[in-house]
Structure formats: structure tokens, C-alpha cells
Amino acid sequence: RHGLPKIQTNKKAEGICYDDVTPPVRAQTIDELHSLQRKKSAPTTPLDGALGAFAAAAEEEKNTKQLQSISASLASLTRETGPKLVRGDPSRTSETPRVAQSTPHHVTKLPTIEVSDSSLKFTHVLYNLSPAELYEQAIKYEKGSFITSSGALATLSGAKTGRAPKDKRVVKDETTENELWWGKGSPNIEMDEYTFLVNRERAVDYLNSLEKVFVNDQFLNWDPENRIKVRIVSARAYHSLFMHNMCIRPTPEELEDFGTPDFTIYNAGQFPCNRYTHYMTSSTSIDLNLARREMVILGTQYAGEMKKGLFSVMHYLMPKRQILSLHSGCNMGKGGDVALFFGLSGTGKTTLSTDHNRYLIGDDEHCWGDNGVSNIEGGCYAKCIDLSGEKEPDIFNAIKFGTVLENVVFDEHSRDVDYSDKSVTENTRAAYPIEYIPNVKLPCVAPHPTNVILLACDAFGVLPPVSKLTLAQTMYHFISGYTALVAGTEDGIKEPTATFSACFGAAFIMLHPTKYAAMLASKMQKHGATGWLVNTGWSGGRYGSGSRIKLAYTRKIIDAIHSGRLLDVEYRKTAVFNLEIPVEVEGVPPEILDPVNTWSDKGAYKETLVKLGGLFRNNFEVFVSHKIGKDDDLLTGEILAAGP
């Protein structure tokens, strides 16, 4: 029509390669073509000696047992059996259903059995999905899920963007009444067994009413002799991917033999608790039942509740095995020297334990047993506010495909994240597998520590940047756990506030702080570890007038501790706290090592120092009369004298 020559397609010249020589795709529809895009997974574990129909039967039996175990976990207390389960995504109707039911477990007395709609339907189980599969589920079904320019999955946690410690409860029964720390200062808010079962029923019924649930079977603790099997049942792909990253990921062989979990989480966070239920004070409730080894989450979608709930469980289970559970980071030098970093969120624990010159063991939760230190988790949960590649390159570069980014703000078109934007919350977070840190040591185990570093974010600006501690001082400051709550870590906190958190993690410990302190002192003494108090907070004045101690100076101090150089320098004592401070640290201005030098108003410094000392003494009164050790001695005078 336009005068162009007709193209001849029926004649081919020799020696020319044509694109149409490949056979057409084996698909009749677009959907069928898309189904070819996803290659079927090969069997994860060979079945030795099983061939043909026998192999298929064995595989079917494994799937049935697996579903029966999950069905038992989801058993409602008002029905004789668990839900009817089908493996796979409900949107893929072509998949062959594998159905299983099981009787409920841990139930001593069943209520009257009734039939509900959820018992007549199938619940689809999305079991241990890969990050790629969870990305698809999140983007397709969960509003607010996006892929950022770095490849990470950006998600929203809903109305709750931090933990809700006042809504976390523990069942008080005949055993826990005597074992756990209750009363003033304790994080353990009591509830009874009946109320727990009411909330459990509400959570399980909600999960069973859904078309699909996500199930993760994973491990805690890299020490193979003391690892814990955990099962997480959740309604969101975001939660499943978060726990995939944060717990230890089993190999296919370990998954085949996983069996019954040691602890189960029911995360029904999208559904509120009934505020008229006894003990409830809001529509949020995070409930632990140590006898049943179960945790129920209602009314909050903040994923950190699962992580910290399991940490509380480890604080209960591990000391029973004479293993000290620690809210700490841990790294190891190339010469085998190990350092523990204690500190609450915002004190620099994650940042300082992530050192490209040292091997990372873990950034947050550890156990110290007879064989050394082991990481509890399989991932890292780092704060993202004001994150940059220049300040924290390892964390910045770990935010890639597979990483969960919570509540961050990004450019609508480019999907570049603005880590300085606090529009949603200041408590923006990244959860990524620990192997995303290039210098991680796998498996995450290490020898006994050489240095125990207690990090404090001093909002009053009177503690020195570094102090060497005696064993008694280490116990005193470990029990005290002085720091400042950093904005956004918990609901209602808008700026740093001076506080005390026993063992640098009172929100998570289950036993009395002195029991953990006694175990720490015993292990430090046995293995020759040195204690240090490092202030990452303010200098030259209190919060609002002084300035935050530069991270570069803190890193120089930590380097000097690792190398052992700080053991050989001259020290002098401070007033009130009687802390030993070095007169010099390489790379750090000597005038900032003694806080009094940085205050222009010396009178205000002394007044603030005395005030903080009084706060320490008032806080410690609750521990003075507590018995410690097998011989039931009171806290020794040496420990009391180690305070201000």
C-alpha cells in the first residue's frame, strides 16, 4: 500500500540463522504459559531405596504427617479436630489438594463440641515459602507492600509501629508463680490460664476462618545441642518473610524431620482482642503460656513482637540448662578474641557489633554456655532512621532482595528509600538474613568472650565515654541497665528519656535480674573476661544542650578495647560513680574522656552527676533485699559499694 516491496518468507538462504527455528512454546493460553515460567522444584531429599510408586507413597506420607502436625497446632478448643488443611496457594486451583486433620494437643479437658463454618472449609497452608514466593504474596494481596530500588520489600505494620510492652502478658500458674520475676520493676504482667485460652481460641478461630495461612518451621540458637524448634502461624506474607529472616532457616533435610515444634506462635495481629476479656486493657494483647509453650498475638501487626516474644522464651528455657541468655551483640577478631555488646535499642549495639574488621556472630540475642557463645537468631533487625552507606555500609548494603523494610518512606517513582523521613515512624527497621553481612561467621558460634561491653546512652551527659569496670561494678551496672529510651522504639516515646532496664533488656527477661547477673559474673570470672562501661550518649551537657558523642570516637574506643591497648594505659577515678577512666585513647580527644572537661558550667555538671547517682541508688533499692545464688546470700556489700 505504501510502495514497499513484499517480504518473502518462504525462501531461506543458506548460512543465515533465523529466529523462527526454535519450536513454539508448549502452551495454549497465557495462564498456561505463565505456569511454565515457574519450574517445578526437584525433590529436596532423595529417598534411598524408594522407587516409583513407593517413592510417591513415601512422599505423600511425609506431606500428610506434616499437615497433621500443623492441623494439631491450629486445633480449636471447641472442636474435636484441627482444621482441614490443603497445601498450596488457593489461587492455584490446579494443584492437587493434600488434606490432613488431627486431634488437638495440650488440651486436658475439652468444652462442649460445636460445629462452625470454619470446620466445613479447607484452609490452605503456605508452608516455609521462599522469599520470592513471599514477595509475590505480599505484593499481590497486602496493601502497602512494594519492591524498593535496592530490591528489598517495603511493608507497613499498621497502627502499631513499635512494641507494646504494657500489653504483653504471661500466664501465672503454680510453676511460673515461683520461677518468674513478678512485682515492682518486672516486665511480666500476669494473666490466668483461662484468659489465655480465650485469646488463643479467638486467634485460632480467626486464622482458621482465612482462606490461607503462612506456616514457618524454624530454629532458635546456633548451638546444635541446645537449639529450639519453633513454628510460626501467621496471616501475612510480611510476617512470614520477617521470621524467615530472623530465625535460623532449616535445611531441607532438617525440615523433613522437623516433627512437633517446641514452641508455637499464633499471630492473628490483624484481629483485635476483646477488650471486655479479663486482664485486657486495650485491643492489643501479646500472651505467653510457658506451660503450653505457646504465644498468641492479637491487635498488633508489628513483627518485632514475634522476635522479642521468642527472646523472652529463651530467657526462661536457657537458664534451666545453665546457659546464660543475653540481650547483646557479639563479634570476634581474627585472632579469636570475642566481645559481647550489651545495650537497649538505640545505644549502638547493632552498629558497633557490625564491624567490617571483625567477624559478626550476631547483633542482638545470644547464649553463653559451656562451649562458648552462640547466636540465637538467623538474622539482624537494624534501625534504619538516618541510615547511610557512609556511616554504616554493612547494614546499608544488606538491604537488598529478601530484606524486609518496615514503615520506611520511598520515592513513588524511583522507589529510592529516604531513610531520614520519619513520616510513618522514627522506628523504621530492616530485617535481613545474617549472611547478608559479608564478614559473618557461619555457623554463628564463638569461643568464650574476652571483653564484656555495657553500652549506655546517657541522656544526662555525665558518664565518661569509656570506663574499666571491676567484677562487682560489672554486676552493679548490668543489674541497673541504665540507658535512655530512644524515640520510636516503644509506643509513646517521642524523645530520649533516662531509664533503667535490668540486664539491659528488662522488657524481655523472665527471671529476677540477679540470677542473670550471678551467671554473668561466674562466667566472666571463670574465663577471665574484662568489663567495660561505654557511653554512646551525650557529652558537654545533658540532652538538649550537649551533643551526642561522635560515632567515630566510640569506634576508636571499641578498637582499643579489642586490641587490649586499654588494659595498659593509666587510669584515674571519677567522683560519685568511682569509675576508672583512661587518660588517653588513641584517636580520641583526651579532654572528652573526663566529662567534667566538656561542661562549661562546672556547678551544673556536679549537680547533674549527683542527681544521676541518686537515680541509680533509688533504682537499685528494689534489688537490695533479693537473695542471690544457691546459698541464698543477700546481695553482697561489695556489689552495693560498686554503685554511686
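The values are calculated or read from the model by the stated rules, or taken from the named source; none is laboratory data. Just so it is clear, the structure is predicted and the values come from calculations on it, not from any experiment. Because the Cβ atoms are built from the backbone with ideal geometry, glycine has one as well, and the counts that use them run over all protein chains shown. Heavy atoms of the whole protein, side chains included, go into the accessibility calculation; ligands, DNA and RNA do not. Shrake-Rupley method; radii C 1.70, N 1.55, O 1.52, S 1.80 Å.
Some points to look at:
- Number of the exception - TYR266 against (1) crowded, with 24+ Cβ neighbours inside 10 Å; (2) under 24 Å from GLY362 (Cβ atoms): (2)
- Selection over the stretch 125-167 of residues that are open to solvent by less than 40 Å² (accessible area, probe 1.4 Å) and farther than 17 Å from TYR238 by Cα gives a count of 2.
- Residues of the stretch 545-561 that are touching a strand residue (DSSP E or B) at 6+ places or on another chain (Cβ under 6 Å) and crowded, with 20+ Cβ neighbours inside 10 Å: GLY546, ILE549, ILE557, ALA560, ILE561.
- The combined condition, being touching a residue at least 60 places away in the same chain (Cβ under 8 Å) and open to solvent by 10 Å² or more (accessible area, probe 1.4 Å), is fulfilled by ARG358.
- Test: TYR316 is open to solvent by 10 Å² or more (accessible area, probe 1.4 Å) and part of a strand (DSSP E or B): no
- Where strands (runs of 3 or more DSSP E) fall entirely within the stretch 360-420, those with at least 3 residues that are at pLDDT below 95 are at 379-383.
- Residues being out of contact with any helix residue (DSSP H, G or I) (no Cβ under 8 Å at 6 or more places or on another chain) and of a type outside the set (Asp, Glu) - total across the stretch 294-314: 9
- Some residue of the stretch 273-280 being in the same structural domain as ASN188 (by the TED database), more than 15 Å from MET191 (Cβ to Cβ) and touching a strand residue (DSSP E or B) at 6+ places or on another chain (Cβ under 8 Å): no
- Qualifying residues in the stretch 452-471 (those that are open to solvent by less than 10 Å² (accessible area, probe 1.4 Å) and outside any loop (DSSP other than H, G, I, E, B)) - the one farthest from LEU360 (Cα to Cα): SER467
- For the stretch 438-446, the criterion of being outside any loop (DSSP other than H, G, I, E, B), within 21 Å of the chain's Cα centre (by Cα) and surrounded by 24 or more Cβ atoms within 10 Å (Cβ to Cβ) is satisfied by at least one residue.
- Every residue from the stretch 496-544 that is within 30 Å of GLU177 (Cβ to Cβ), open to solvent by less than 20 Å² (accessible area, probe 1.4 Å) and either free of Cβ contacts under 8 Å to residues at least 24 places away in the same chain or of a type in the set (Val, Ile, Thr) (or both): ILE509, THR514
- Positions within the stretch 562-590 being buried (at least 18 other Cβ atoms within 10 Å of the Cβ), part of a helix (DSSP H, G or I) and out of contact with any helix residue (DSSP H, G or I) (no Cβ under 6 Å at 6 or more places or on another chain), in sequence order: HIS562
- Selection over the stretch 327-344 of residues that are touching a helix residue (DSSP H, G or I) at 6+ places or on another chain (Cβ under 8 Å) and either part of a strand (DSSP E or B) or polar (S, T, N, Q) (or both) gives a count of 8.
- In the stretch 240-273, the residues that are charged (D, E, K, R) and outside any helix (DSSP H, G or I): ARG249, ASP257, ASP262
- Of all the listed residues (VAL417, VAL404), the sole one being in contact with a helix residue (DSSP H, G or I) (Cβ under 7 Å, 6 or more places away or on another chain), more than 23 Å from GLY613 (Cβ to Cβ) and not charged (D, E, K, R) is VAL404.
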